[in-house]
Amino acid sequence: MFNQYNLEEIRDRARASFIGMAIGDALGATVEFMTASEITAKYGTFRDIIGGGWLRLKPGQVTDDTEMALCIGRAIIKNQGWSLEAVADNFAAWLKSRPVDCGDTCRKGIRAYMLKRQLESPPNEWDAGNGAAMRILPAALFSFPDGELLKKYILEQAHLTHNNPVSDAACLCLGQLLHMTLCGVGKSQLRRTADGLVARFPTFAFVPYRGLATGYIVDTMQTVFHWFFRGKCFEECLVGTVNQGADADTTGAICGMLAGAYYGMDAIPRRWIKKMDAKVITEIELQVERLITASPMGKMM
Ligand code: MN
Ligand code: MN
């Protein structure tokens, strides 16, 4: 099914996906919580990594979205396999390190683990934020191309903080889309998978696009789908997404992982990569290498 050539292409897509996620985070964070019209008034079209924003970031600095994903990757690598406790321990260590930002639902779940070793948040109809979806990439890479492992890892890590059917559905669909893009699947087939999510959960319908990009996972996914399917290149997908404002770092991170995997490393603008925090990029490259090598795909080779 796969050969050495595929493995090289998959590594390239995986790198582009992880770096694309970090770029979307760093780019979007500048305009997080702004409205689309405030962004237009201030920047015209916002398209450069300049830092600032409500978190007063350095140019290229990433936020909780990328940091939590790196926590999951670190846990897998250090544990040489999947361990939910290791993921939770890394989230706890990260929270204690006073991160630049942390969502309320994430904080609540991590605290419950620290206080009572809780590994699964109780089901909650209000916990439909995008915090579980934004960090799934290492789980998608480490499970590639096994769909059952993908499901297990994605839902387990999600439920540490978010236990909600709408969040679960989005996480699973996103994970599936990531596996497909790593294989080089075209947009019409990806679109059918997104439409499948909409068929099961009509709330995710993104045509006509409502223009909402809040931290509610439904708004997040609508924005990501709208701009990913309409964009003609990596840059267009990301610029469209973050210019919607609101939870722009997270919509940017999610669109960045999909568009990165879809278009590959050559499509990522140099000027964006150059602006990124070099330490983060180094850790991402190391993690991608190890996660893919340890994945079912890597073991086949
Ligand atoms: Mn963030
Ligand atoms: Mn955010």
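Laboratory data are not the source of any read-out in this text; all were calculated from the coordinates shown. These numbers were taken from a predicted model, which means no experiment stands behind them. No Cβ is skipped: glycine too gets one built from the backbone with ideal geometry, and neighbour counts run over all protein chains shown.
How about the stretch 12-73: which trypsin sites (Lys or Arg not before Pro) there lie in a loop by DSSP and see at most 11 other Cβ atoms within 10 Å? The partial results should precede the final answer.
Values: sites: R13, R15, K42, R47, R56; in loops: R47, R56.
Of the trypsin sites (Lys or Arg not before Pro), the ones in loops of the stretch 12-73 whose Cβ has at most 11 other Cβ atoms within 10 Å are R56.
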Fill in: Interchain or long-range residues, amide H under 5 Å from L57's placed H
G52
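How much length would be gained if the chain were fully extended between N3 and K187, taking 0.36 nm per residue of separation minus their Cα-Cα distance, in nm to one decimal? Intermediate results must be reported in sequence, preceding the final value.
On the way: separation 184, 0.36 × 184 = 66.24 nm, distance 2.31 nm.
Gain on extension, N3 to K187, equals 63.9 nm.
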Worksheet entry | Charge context of L84, other residues only, Cβ under 13 angstrom, K/R +1, D/E -1 | -2
Practice prompt. With a cut-off of at most 15 other beta carbons within 10 Å, and DSSP calling the residue loop, which chymotrypsin sites (Phe, Trp or Tyr not before Pro) in the stretch 249-301 qualify? Please list them.
Written response: none
Discussion item. If I build a Gaussian network model for the chain, linking alpha-carbon pairs within less than 10 angstrom, which residue out of L137, L172, L84 has the largest mean-square fluctuation?
Written reply: L84
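Can you give the relative contact order of the stretch 2-300 as a percent, counting alpha carbon pairs under 8 Å and 6+ residues apart?
On the way: 556 pairs, mean separation 94.9, N = 299.
Contact order relative to length: 32 percent.
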Discussion item. Based on C-alpha coordinates, I'd like the Rg and Dmax of the stretch 65-105, in Å.
Written reply: 10.1, 30
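Compactness ratio of the stretch 2-300: Cα Rg over 2.2 N^0.38 Å, N = residue count? Present the calculation step by step, with values, prior to reporting the outcome.
Working: Rg = 17.3 Å, N = 299, 2.2 N^0.38 = 19.2 Å.
Taking the Cα Rg and dividing by 2.2 N^0.38 Å, one obtains 0.90.
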Worksheet, complete the sentence: Straight-line reach check, K275, cutoff 24 Å on alpha carbons, 8 or more apart in-chain or any other chain, hits among lysines -> K42, K58, K232
Item to complete: Return the single residue from P208, P145, P269 with maximal mean-square fluctuation; model: Gaussian network over the chain, springs between Cα atoms under 10 Å.
Response: P208
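Restricting to DSSP H runs of at least four residues, report the calculated mean residue ellipticity at 222 nm for the chain, -39500 (n - 2.57) per run over all residues, nearest 500 deg cm²/dmol. Before the final figure, lay out the partial values.
Working: 15 runs with 195 residues, N = 301.
Helix-only estimate at 222 nm: -20500 deg cm²/dmol.
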Worksheet item: Taking springs between alpha-carbon atoms closer than 10 angstrom, which of I76, I110, I273 fluctuates most in the Gaussian network model of the chain?
Response: I273
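Which loop-located chymotrypsin sites (Phe, Trp or Tyr not before Pro) does the stretch 22-63 contain, where loop means any DSSP state but H, G, I, E or B and the Cβ has at most 10 other Cβ atoms within 10 Å?
Numbers: sites: F33, Y43, F46, W54; in loops: F33, F46, W54.
Passing both the DSSP loop test and the Cβ count: no residue.
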Fill in: Nearest-20 debye value, the stretch 16-132 charge dipole, Cβ charges on Lys, Arg, Asp, Glu
440
Worksheet item: About its Cα centre, how strong a charge dipole does the chain have in debye, to the nearest 20, once Lys and Arg get +1 and Asp and Glu get -1 at the Cβ?
Response: 280
